[in-house]
Amino acid sequence: MTATPPLAPEDVRKVACIGAGVIGGGWVAHFLARGYDVTAWDPADDAEEKLRRLVSAAWPALEQMGLAEGASQDRLTVTPTLAEAVADADFVQESAPEKLELKRSLLAELTDATRDGVIIASSTSGYPMSDMHSDGADNGRLVVGHPFNPPYLIPLVEVVGGEKTDRAAVEWASRFYDVAGKSVITMDRELPGFIANRLQEALWREALHMVANGEASVQDIDDSITEGPGLRWAFMGPLLTFALAGGEGGMGHMLDHFGPSLKSPWTRLEAPELTRELRDAMVEGCEAEAGERTYADLVAERDQGVINVLRATGRLGGAE
Ligand SMILES: NC(=O)C1=CN([C@@H]2O[C@H](COP(=O)(O)OP(=O)(O)OC[C@H]3O[C@@H](n4cnc5c(N)ncnc54)[C@H](O)[C@@H]3O)[C@@H](O)[C@H]2O)C=CC1
Ligand SMILES: C[N+](C)(C)CC(=O)CC(=O)[O-]
């Protein structure tokens, strides 16, 4: 079926968030801060309490970023059923657990429970949309809208459709996210992991190999990024920064000079076995790195760090 959303992206007022954990809750905070009415549904017994706690912890950061006119935490309604959450929604963001079968049946249920044409986006971290389509669902209006944690601060969202998604639905979703204050990359084809997670996964695999082999500690690996390339990546991507590594000769000289080293055995991109030992080493390393800081302390530290970077790089007003 052709997706014909009832409203233009600019006219959306009501957003429904299905699944209200780390990411669903982050989306709720983002949409509230942008002045939308938000309904949320999550089957967990303590979901509402956790969600309201997440939103109120995020609010100081959102106030610093600048709230939209009329934005208020009071515009959040947590409903007892999925059907009530989405009945009047102009847009739906699904953020349920990363389990393929669950996503497939939930997305199909959402196409039944929403008004005709309403666009439904999945926050999936890596499933191609085509794998989440199902027989009998109104697949034309299902898209991936992959956010980054926390969605209320990190601007990027990757948008891509599947084989049965209407191109118009992808375009509508991209425009909607843009209006809602996100920075959008619209992909014209499916790629497992999309763009950013494909890159992050390469880094992640190498880090796991180094921890598994006792070659570097969790702390050293994190410092190697925050004290090194991470400082550049906040404002200039890894490719352009590497072009500068070629001096005035740019990427051409960089490739002629360092290209052959790509064949050297620096990487072991095959994923390591996630053994209990490796799991424990990662957990212990992160706990040691966190020290006395609680989860809430780390969230506040991260949020302030992102705001500082956005401000320092002129993306929040104020700094050049
Ligand atoms: N955690 C992260 O850094 C990121 C996660 N994502 C994606 O966001 C989605 C959600 O992940 P998280 O928020 O991290 O997980 P989470 O575990 O924090 O939250 C999942 C929530 O879904 C709820 N839930 C369980 N069954 C459900 C159902 N049938 N329908 C609706 N909700 C249900 C749970 O009660 C829980 O509150 C996943 O698809 C994940 O890949 C995307 C970007 C980043
Ligand atoms: C860990 N993760 C793969 C779920 C992360 C993401 O999908 C994006 C992010 O926030 O880095």
Original post:
So, of the residues in segment 308-320 that are surrounded by 15 or more Cβ atoms within 10 Å (Cβ to Cβ), over 20 Å from D222 (Cα atoms) and among the aliphatic types (A, V, I, L, M), which turns out to be modelled with the lowest pLDDT?
Top reply: L316
**OP:** Kindly indicate whether F242 is among the hydrophobic types (A, V, I, L, M, F, W, C), closer than 28 Å to H146 by Cβ and touching a residue at least 40 places away in the same chain (Cβ under 8 Å).
**Re:** no
Original post:
Under the condition of being part of a loop (DSSP other than H, G, I, E, B) and among the hydroxyl-bearing types (S, T, Y), which residue from segment 246-282 is farthest from A202 (Cα to Cα)?
Top reply: T275
**OP:** Would you point out which residue out of G228, G249 is of a type in the set (G, A, S) and either within 14 Å of ligand 2 (Cβ to nearest atom) or farther than 30 Å from T275 by Cβ (or both)?
**Re:** G249
Original post:
Filtering segment 194-215 down to residues that are in a loop (DSSP other than H, G, I, E, B) and under 18 Å from the mean Cα position of the chain (by Cα), which residue is farthest from ligand 1 (Cβ to nearest atom)?
Top reply: I195
Subject >> Which numbered condition L203 misses (of (1) within 12 Å of ligand 2 (Cβ to nearest atom); (2) under 25 Å from T81 (Cβ atoms)) >> reply: (2)
Original post:
Among E94, E84, which is the only one that is of a type outside the set (A, V, I, L, M, F, W, C) and either more than 10 Å from ligand 1 (Cβ to nearest atom) or farther than 18 Å from F31 by Cβ (or both)?
Top reply: E84
**OP:** Write out, first by first residue and then by second, each pair whose Cβ atoms fall under 7 Å of each other, whose residues are 6+ apart or on separate chains, and whose first residue, in segment 118-139, is under 18 Å from P97 (Cα atoms) and away from ligand 1 (no atom under 11 Å from the Cβ) while the second is of a type in the set (S, T, Y) and part of a loop (DSSP other than H, G, I, E, B).
**Re:** I120/T114; M129/T165
**OP:** Scan segment 166-211 residue by residue and report those that are crowded, with 17+ Cβ neighbours inside 10 Å and of a type in the set (A, V, I, L, M).
**Re:** A168, A169, V170, A173, A180, V184, A207, L208, M210, V211
Subject >> Answer residue from segment 7-40, given it is near ligand 1 (Cβ under 7 Å from one of its atoms) and not small (G, A, S) and is surrounded by the fewest Cβ atoms within 10 Å (Cβ to Cβ) among those >> reply: V22
**OP:** Identify, by number, the condition in (1) away from ligand 2 (no atom under 16 Å from the Cβ); (2) under 21 Å from the mean Cα position of the chain (by Cα) that G24 doesn't meet.
**Re:** (1)
**OP:** Mind telling me which of the residues L102, L191, L110, L106 ends up being among the aliphatic types (A, V, I, L, M) and away from ligand 1 (no atom under 15 Å from the Cβ)?
**Re:** L191
Subject >> Cross-chain or 6+ apart pairs with Cβ under 8 Å, segment 85-109 first and exposed (fewer than 14 other Cβ atoms within 10 Å of the Cβ), then in a helix (DSSP H, G or I) >> reply: L100/D131; L100/M132
Original post:
Cβ-Cβ below 7 Å, separation at least six or inter-chain, first residue in segment 22-42 and within 14 Å of Y177 (Cα to Cα), second buried (at least 24 other Cβ atoms within 10 Å of the Cβ) and of a type in the set (S, T, Y): which pairs?
Top reply: W27/S95; H30/Y152; A33/Y152
**OP:** Select from segment 77-97 the residues that are over 22 Å from T124 (Cβ atoms) and either touching a helix residue (DSSP H, G or I) at 6+ places or on another chain (Cβ under 6 Å) or not hydrophobic (A, V, I, L, M, F, W, C) (or both) and list them in ascending order.
**Re:** T77, V78, T79, P80, T81, A83, E84, D88
Subject >> Unmet criterion (only one of (1) within 16 Å of the chain's Cα centre (by Cα); (2) over 19 Å from V15 (Cβ atoms); (3) part of a loop (DSSP other than H, G, I, E, B); (4) at pLDDT 95 or above) for E163 >> reply: (1)
Subject >> D112 vs. criteria touching a residue at least 60 places away in the same chain (Cβ under 8 Å), surrounded by fewer than 22 Cβ atoms within 10 Å (Cβ to Cβ), away from ligand 2 (no atom under 16 Å from the Cβ) and more than 21 Å from the chain's Cα centre (by Cα) >> reply: no
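The values are calculated or read from the model by the stated rules, or taken from the named source; none is laboratory data. What you are looking at is a predicted structure, and each value in this text was computed from that prediction instead of being measured. Positions of Cβ are generated from backbone atoms using ideal geometry, with glycine treated the same way; all protein chains shown enter the neighbour counts.
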